[in-house]
Each structure stands twice: as structure tokens, then as C-alpha cells.
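See structure below.
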Amino acid sequence: MDKKEFRNCMGRFATGVTVVTTETEGVTHGFTVNSFTSVSLDPPIVLVSVDKNAKALQAMKHNNFIANVLNENQRDTAMHFAGKPKEQLPFEWEETGLGARIKGSLAHIECVPWAEYDGGDHVLFLGEVKAFEYHPGQPLAFYCGQFSNVSPLVQS
């Protein structure tokens, strides 16, 4: 199977963009993720998929994390955590009981570790949701390898 073509095929599935933050030894780490999903409502569990070669992998192991769902105006924040940092931070931090989150995000999902699973070239981290918050606005989307916007459908 051609890995590049499989990736192109999977890129046809539009996703939201999140930055996952976690803290180790008093330092906040973050990375941009589009492999994020809800797994269970009872108990509330979410999943984050992390590449085994990612620097963030060790920071995620057995650790609390916060999924920051980005809004359409946070492209610079997404790029900052995707390895293209800006000289001046394009976001502000907010402290919570489980770590730091990105101020102004569309939603915050704060989690404690639930389980980890091998997922081929990724590790699947499941987190039990301990707190969440969401705000009105439009999400930052990712489609066919680039950022995109979501337009609500007009009800007929």
C-alpha cells in the first residue's frame, strides 16, 4: 500500500484542529493534533493519537492533558505548536487545576490519563474528562493537508 496515497485519502476526512497541552517538571508542552475524538460519554473519555517519533510522546505518557479546540482565528497558534514557532507568542496561557490551556480557544477538554494503546506508528492516549468548557464561534478545520473553514449549512 502506498503510504502517501493512503494519507491523501484520509485527508478527505475534514477534522478540527486542536493543540494538546501537558506539563512535565513545571514546563508546559504543546503540539498540534487533528487526530482527536470523543470515545465515551459515560464515563467521558477522549482519544489523542501521537506519532511515536513526536517530541511530545514522552510528555504525554501517564500525564494529564488538555485538548484546546482552536477557532478559525488561531492558525498562527496551530502553526506555532506544529513546529513553526513565532518570535512573539500568538496566544496567551490560562492556568487550570490540570495544567495550562490556550486562552480564547473554542473549547477546552481537561483530562487525566485513562489508558494508552499501541496504534502502529502512533500511540493512542485515552483521557478521562474531568472538566470542559466551550464557547461560540467557528472552528479551525483541516482538510486535504491545509487549514480550512467550516460553513454551517442553511436549514431548509
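If you filter segment 74-128 down to residues that are loosely packed, with under 14 Cβ neighbours inside 10 Å and of a type in the set (D, E, K, R), you find that the one that is farthest from Asn64 (Cα to Cα) is Glu87. Asp76 meets each of the listed conditions (1) more than 30 Å from Arg7 (Cα to Cα); (2) within 15 Å of the chain's Cα centre (by Cα); (3) charged (D, E, K, R) apart from (1).
Within segment 83-101, can you find the residues that are of a type in the set (D, E, K, R) and under 17 Å from the mean Cα position of the chain (by Cα)?
Taking segment 83-101 first, the residues of a type in the set (D, E, K, R) are 84, 86-87, 92, 94-95, 101.
Within segment 83-101, Lys84, Glu92, Glu94, Arg101 meet the criteria.
The set of residues from segment 130-156 being polar (S, T, N, Q), under 28 Å from Phe6 (Cα atoms) and in contact with a strand residue (DSSP E or B) (Cβ under 8 Å, 6 or more places away or on another chain) comprises Ser148, Asn149.
Would you pick out the residues in segment 1-50 that are of a type in the set (Phe, Trp, Tyr) and either touching an Asp or Glu at 6+ places or on another chain (Cβ under 6 Å) or over 25 Å from Trp93 (Cα atoms) (or both)? Phe6, Phe13 - these are the residues of segment 1-50 that are of a type in the set (Phe, Trp, Tyr) and either touching an Asp or Glu at 6+ places or on another chain (Cβ under 6 Å) or over 25 Å from Trp93 (Cα atoms) (or both).
The criterion of at least 1 residues that are within 23 Å of His122 (Cβ to Cβ) and out of contact with any strand residue (DSSP E or B) (no Cβ under 8 Å at 6 or more places or on another chain) is met, among strands (runs of 3 or more DSSP E) falling completely within segment 1-105, by 18-24, 36-41.
The C-beta contact set for segment 12-36 (first residue without any contact (Cβ under 8 Å) to a residue 40 or more places away in the chain, second residue outside any strand (DSSP E or B) and surrounded by 15 or more Cβ atoms within 10 Å (Cβ to Cβ), distance under 8 angstrom, 6+ apart or interchain) comprises Thr24/Ala59; Thr24/Asn63; His29/Ala56; His29/Ala59; Val33/Val17.
Within segment 81-108, being within 23 Å of Glu25 (Cβ to Cβ) and either in contact (Cβ under 8 Å) with a residue 60 or more places away in the chain or in contact with a Gly (Cβ under 8 Å, 6 or more places away or on another chain) (or both) holds for Phe81, Phe91, Glu92, Trp93, Gly99, Ala100, Arg101, Ile102. Only one of the numbered conditions (1) part of a strand (DSSP E or B); (2) modelled with pLDDT of 95 or more is violated by Ser148, and that is (2). Is there a residue being under 20 Å from Leu140 (Cα atoms) and aromatic (Phe, Trp, Tyr) anywhere in segment 69-89? Yes, there is a match, as at least one residue in segment 69-89 is under 20 Å from Leu140 (Cα atoms) and aromatic (Phe, Trp, Tyr).
Report, by residue number, each residue of segment 102-156 that is under 15 Å from the mean Cα position of the chain (by Cα) and small (Gly, Ala, Ser). Answer for segment 102-156, where residues must be under 15 Å from the mean Cα position of the chain (by Cα) and small (Gly, Ala, Ser): Gly104, Ser105, Ala107, Gly127, Ala141.
The values are calculated or read from the model by the stated rules, or taken from the named source; none is laboratory data. What you see is a predicted model; the values in this text were computed from it and never measured. Note that we place each Cβ from the backbone using ideal geometry, even for glycine, and neighbour counts take in every protein chain shown.
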